[in-house]
Amino acid sequence: MINMDEQKNILEIKELKKKFGEREILKGINFSVNKGDVVCIIGPSGSGKSTLIRCINFLETPTSGEICYKGEDVLKKYKDLALYRTKVGMVFQQFNLFNNMTVLENCVVGQVKVLKKDHEAARQTAMKYLYYVGMADYINAKPNQLSGGQKQRVAIARAMALEPEILLLDEPTSALDSEMVGEVLNVMRELANAGLTMIVVTHEMAFAREVASKVVFIDQGVIAEEATPEIIFKNPSNPRTKEFLSRFNQNN
Amino acid sequence: MTTMPTTFFEWVFFLLQQYGGLFVKGAVVTLLLALIGTFVGCIIGFVVGIIQTIPVDPNTGTVKKSFYRCVRWLLDAYVEVFRGTPMIVQAMVVYYGSMSIFNIDMSAMFAGFLVVSINTGAYMAETVRGGINSIDPGQTEAATAIGMNHFQTMRSVIIPQALRNIMPQIGNNLIINIKDTSVLNVISVTELYFSSKSAAGVYYKYFEVFFITCVIYFVMTFTVSRFLRWVEGRMAGPRDYQLVTYDPMQDPCGHFPMPTRKEQD
């Protein structure tokens, strides 16, 4: 029985701390993610949400603490983080598509360079995900020829083309206007329904309430509350959570 | 016996007839020095720029860290020394120094290529560093996030974008090199200036000869300048794109058809 539980637990974060100089951004974060979970991280600006998600795939090096992937400490298991990073995809607020490449090349380059797939196989996989996010028609376009929502959908396809086990999304809709937010959220919703494990930093409370299996509320570098969306949105135990969500709950 | 020319233009035509071949040879040597020197200099610049931007993780070992620091210090020293001394002096030091210290008897021409290349390399190193810094850090982050290492990121993502940004500066370097290789006459490289001086000495017609030289230099730099503009325009790529429509039912196995050659361009 214990073994099965360990299998389900895909990512575990233990006592994660991150300092920038003297400023401590993360003050000991603990939480775990099960396979198939959609974890939404919410919280006020500057609370450390983005730093946390960037620490998970080591874009920021944690000051101390442990990140365990499938029960093993990542820093001990993977001498070269490249392999781990292909299993933990990342989508950025500012899309960060490679500006010198077409949409298709964006989704192919990682598979060819990092996973050493041959070009035709990489192209097939890329097309599969581009079709999935509804961008298959645009494979010849350059990123600067696309709208924000289109760029973000390509960015999701690029991350998915490496067929990761976990997808990290760092405020994927914050740079988009309200019309484009919808198209990106739809893609994310579909991925969640397909059973992909996702960790999403978001200000889209409606999305969190609808899709998340767990909501983590971060305030001033610590997890203030962690619960199912029903509890967080209807009946939060921490007064800080209640305060943060008061505006959202008023409108709904 | 033909009568000697009297007016300025008669002299110019006379000198062109007499020494046309000499001018052409000199111009070819100058152009070769500038082109090859700039090309090799660019390669040096890119290598130095890429090495200087290797990120050093705070968790790397002390040995590795101090190794990187040493390499960086050496490269900085190279840039400062070759940027901070005149090329005419470098030519003398390299040509005569190699002979007296290392006992290497290199030809003046080889010394010329060497000096132009490493001199340009020092300038290009700084240009490339600037070019790399000009690219949004998000590009590097995205490449890191899909598992690419520093060299893969540089080769596939950063350098192609940086190259476009620094093309005007590469053009500058090429044009400066066409003109400044004239200083190599001090080690008797037979480039355009050296050839002109030889031609001028025969009839003591310095103004007429250097008028011709002046025109040749300008034609070379102007041609190169226009050519580089054209290359820049090409690098920008097409401004629009073709939509490609796929019918997923076309192949029941879900394979996407290969785009035709035209679609890829």
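Only one of the numbered conditions (1) farther than 26 Å from B:ILE88 by Cβ; (2) among the hydrophobic types (A, V, I, L, M, F, W, C); (3) within 22 Å of the chain's Cα centre (by Cα) is not met by B:VAL183, and that is (1).
Residue count for the stretch B:136-183 under the criterion of being within 14 Å of another protein chain (Cβ to nearest Cβ), among the β-branched types (Val, Ile, Thr) and surrounded by fewer than 19 Cβ atoms within 10 Å (Cβ to Cβ): the result is 0. If you go through the stretch A:183-203 and keep only what is in contact (Cβ under 8 Å) with a residue 24 or more places away in the chain and closer than 21 Å to A:ASN96 by Cα, you end up with A:GLU183, A:VAL184, A:VAL187, A:MET188, A:LEU191, A:MET198, A:ILE199, A:VAL200, A:VAL201, A:THR202, A:HIS203. Go through the stretch A:125-149 and give me each residue that's surrounded by fewer than 17 Cβ atoms within 10 Å (Cβ to Cβ) and more than 24 Å from the chain's Cα centre (by Cα). Hits for the stretch A:125-149 are A:ASP137, A:GLN145.
Just checking, does the stretch A:126-148 include any residue being more than 12 Å from chain B (Cβ to nearest Cβ) and either of a type in the set (Asp, Glu) or part of a helix (DSSP H, G or I) (or both)? Yes, the conditions are met somewhere in the stretch A:126-148.
Of the helices (runs of 4 or more DSSP H) lying entirely inside the stretch B:170-265, those containing at least 1 residues that are in contact with a Lys or Arg (Cβ under 9 Å, 6 or more places away or on another chain) and at pLDDT below 90 are B:192-203, B:206-235.
Filtering the stretch A:76-116 to residues that are within 8 Å of chain B (Cβ to nearest Cβ), polar (S, T, N, Q) and touching a residue at least 60 places away in the same chain (Cβ under 8 Å) leaves A:THR86, A:GLN94.
This table checks each residue for (1) crowded, with 17+ Cβ neighbours inside 10 Å; (2) in contact with a Lys or Arg (Cβ under 8 Å, 6 or more places away or on another chain); (3) within 14 Å of chain B (Cβ to nearest Cβ).
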{"position": "A:ARG158", "(1), (2), (3)": "yes, no, yes"}
{"position": "A:SER178", "(1), (2), (3)": "no, no, no"}
{"position": "A:VAL187", "(1), (2), (3)": "yes, yes, no"}
{"position": "A:ALA194", "(1), (2), (3)": "no, no, no"}
{"position": "A:LYS214", "(1), (2), (3)": "yes, no, no"}
{"position": "A:ASP219", "(1), (2), (3)": "yes, yes, no"}
{"position": "A:ILE223", "(1), (2), (3)": "yes, no, no"}
{"position": "A:THR228", "(1), (2), (3)": "no, yes, no"}
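Here A:GLY36 clears all of (1) surrounded by 22 or more Cβ atoms within 10 Å (Cβ to Cβ); (2) among the small types (Gly, Ala, Ser); (3) not in a strand (DSSP E or B) except the condition numbered (1). Any chance the stretch A:64-82 includes a residue that's hydroxyl-bearing (Ser, Thr, Tyr), surrounded by fewer than 22 Cβ atoms within 10 Å (Cβ to Cβ), at pLDDT below 95 and in a helix (DSSP H, G or I)? Among the residues of the stretch A:64-82, not one is hydroxyl-bearing (Ser, Thr, Tyr), surrounded by fewer than 22 Cβ atoms within 10 Å (Cβ to Cβ), at pLDDT below 95 and in a helix (DSSP H, G or I), which makes the answer no.
The values are calculated or read from the model by the stated rules, or taken from the named source; none is laboratory data. Note that the structure is a prediction, hence the values are computed from the model and not measured. Here Cβ is always computed from backbone atoms with ideal geometry, including for glycine, and neighbour counts include all displayed protein chains.
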